[in-house]
1. Please give the helices (runs of 4 or more DSSP H) falling wholly within segment 14-95 in which 3 or more residues are under 22 Å from the mean Cα position of the chain (by Cα) and buried (at least 18 other Cβ atoms within 10 Å of the Cβ).
2. Here is a check on your reading of the model: is VAL323 touching a residue at least 60 places away in the same chain (Cβ under 8 Å), assigned to a helix (DSSP H, G or I), closer than 24 Å to GLY132 by Cα and among the hydrophobic types (A, V, I, L, M, F, W, C)?
3. How many residues are closer than 21 Å to PHE334 by Cβ and among the polar types (S, T, N, Q) when one looks only at segment 100-130?
4. Tell me which residues, restricted to segment 272-285, are surrounded by fewer than 17 Cβ atoms within 10 Å (Cβ to Cβ), on the phi < 0 side of the Ramachandran plot and either of a type outside the set (A, V, I, L, M, F, W, C) or part of a helix (DSSP H, G or I) (or both).
5. Consider SER25 carefully, then state whether it is over 19 Å from PRO4 (Cα atoms), of a type outside the set (Asp, Glu) and touching a Lys or Arg at 6+ places or on another chain (Cβ under 6 Å).
6. Among the candidates GLN196, GLN206, which residue alone is buried (at least 19 other Cβ atoms within 10 Å of the Cβ), in contact with a strand residue (DSSP E or B) (Cβ under 8 Å, 6 or more places away or on another chain) and within 20 Å of ASN12 (Cα to Cα)?
7. Looking for whichever is more than 30 Å from LYS156 (Cβ to Cβ) and among the charged types (D, E, K, R) here; the options are LYS298, LYS330, LYS325, LYS272. Which one fits?
8. Looking at (1) among the aromatic types (Phe, Trp, Tyr); (2) under 28 Å from GLY209 (Cβ atoms); (3) surrounded by fewer than 17 Cβ atoms within 10 Å (Cβ to Cβ), which is the one condition that is false for TRP290?
Amino acid sequence: MSHPSVAIVILNYNGRNYLETFLPSVMASTYSNKRVVVADNASTDDSMDYVKNNYPAIECLYNLSNQGFAGGYNWALKQVAADYYVLLNSDVSVTPDWIEPIITMLESDTTIAACQPKILSYHHPALFEYAGAAGGWIDSLGYPFSRGRVFDICEKDEGQYNDPQPVFWASGASMFVRAKVYHELGGLDDSFFAHQEEIDLCWRMQLAGYRIMSCPQSVVYHVGAGTLPRGGRKVFLNFRNNLLMLGKNLHWKEKLWKLPLRFTLDGISAWKGLFAGDTDFFKAIVKAHWAVVLIWCKGRAQKSGQAPKPMKQLVGVYTGTVVWKYFIRKQTRFQEIVGRKIL
């Protein structure tokens, strides 16, 4: 019996230490019809020399400039032919049989466009990891959270999310995607550079009639913040890209009130940070807001390419607001927050 082809594509930027640490686990994957590709985003270290000298079976691609996560993957995947892509961060340790359960799921239903494994913390394996946990959700105002992670609180993995479930988004740290669908929808949005581009892609997949799944029978371990550490740049990209994503994919009736409300809530968050002494956080949000306004005013915002639908018609949407539940009601677990308001 032939197995569909799977290309594991690792985007690298000055990641010598990560490649040295985690490539052995990737190469030990038991799935037979796989290829491993390291796509370099104009690194200045010796990471690609390390790959060539130690892993001759790995295919290497070399970009002339750092186009970020979104642009880097779009550039790389144009050169890779496979039935399925795995967008895998360089700071992820995989288990030997992590591929098989997800490919089985994808092969069983052609409406599934993307899927993610259970993502646990590499340094604290009993905990879910920030970037995706057991599958991504979003609330009515566009705030992303996950089964097992709400804002900065990561739950202990006690098997509570071991059931395969449709979700709103699959984590870009370890994202299986149907190659044909990826290219049909234009891939990731280059303008995002990094952060939330996978959520935007999954939103567009849902608008196109596809489903996103979490497959906890597959397990990986993620370090997190591997290439872009926490700081002003990270805050800027998160706030900017989230607003761009909402402007791009929301139904126009929802844009009328959700976008002004989000600008207001972001502003409150910025002032709260400033009063707490975090001036970089404040400046990053202000800069993000100005960037979004300029992009919209100049008509440079990317279009969704799909007919918009009200969020309540999509899967993995919490119809309330996670901000209220988390900060006011002090509910920090996914199951506490979603309650019965699950679509």
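The values are calculated or read from the model by the stated rules, or taken from the named source; none is laboratory data. Keep in mind that this is a model prediction, so the values were computed, not measured. Note that we place each Cβ from the backbone using ideal geometry, even for glycine, and neighbour counts take in every protein chain shown.
1. Details: elements: 16-27, 47-54, 68-77.
In segment 14-95, 16-27, 68-77 are the helices (runs of 4 or more DSSP H) which contain 3 or more residues that are under 22 Å from the mean Cα position of the chain (by Cα) and buried (at least 18 other Cβ atoms within 10 Å of the Cβ).
2. On the way: touching a residue at least 60 places away in the same chain (Cβ under 8 Å): yes; assigned to a helix (DSSP H, G or I): yes; closer than 24 Å to GLY132 by Cα: yes; among the hydrophobic types (A, V, I, L, M, F, W, C): yes.
So VAL323 passes the test.
3. Residues in segment 100-130 being closer than 21 Å to PHE334 by Cβ and among the polar types (S, T, N, Q): 2 in total.
4. Going through segment 272-285, the residues surrounded by fewer than 17 Cβ atoms within 10 Å (Cβ to Cβ) turn out to be 272, 274-280, 283.
Remaining after also requiring on the phi < 0 side of the Ramachandran plot: 272, 274-276, 278-280, 283.
Listed by number, the residues that qualify are LYS272, LEU274, PHE275, ASP278, THR279, ASP280, LYS283.
5. Values: over 19 Å from PRO4 (Cα atoms): yes; of a type outside the set (Asp, Glu): yes; touching a Lys or Arg at 6+ places or on another chain (Cβ under 6 Å): no.
Answer is no for this residue.
6. Values: GLN206 fails: within 20 Å of ASN12 (Cα to Cα).
Just a single option satisfies the conditions, and that option is GLN196.
7. On the way: LYS330 fails: more than 30 Å from LYS156 (Cβ to Cβ); LYS325 fails: more than 30 Å from LYS156 (Cβ to Cβ); LYS272 fails: more than 30 Å from LYS156 (Cβ to Cβ).
Result of the check over LYS298, LYS330, LYS325, LYS272: LYS298.
8. Looking at each condition in turn, TRP290 falls short on (2).
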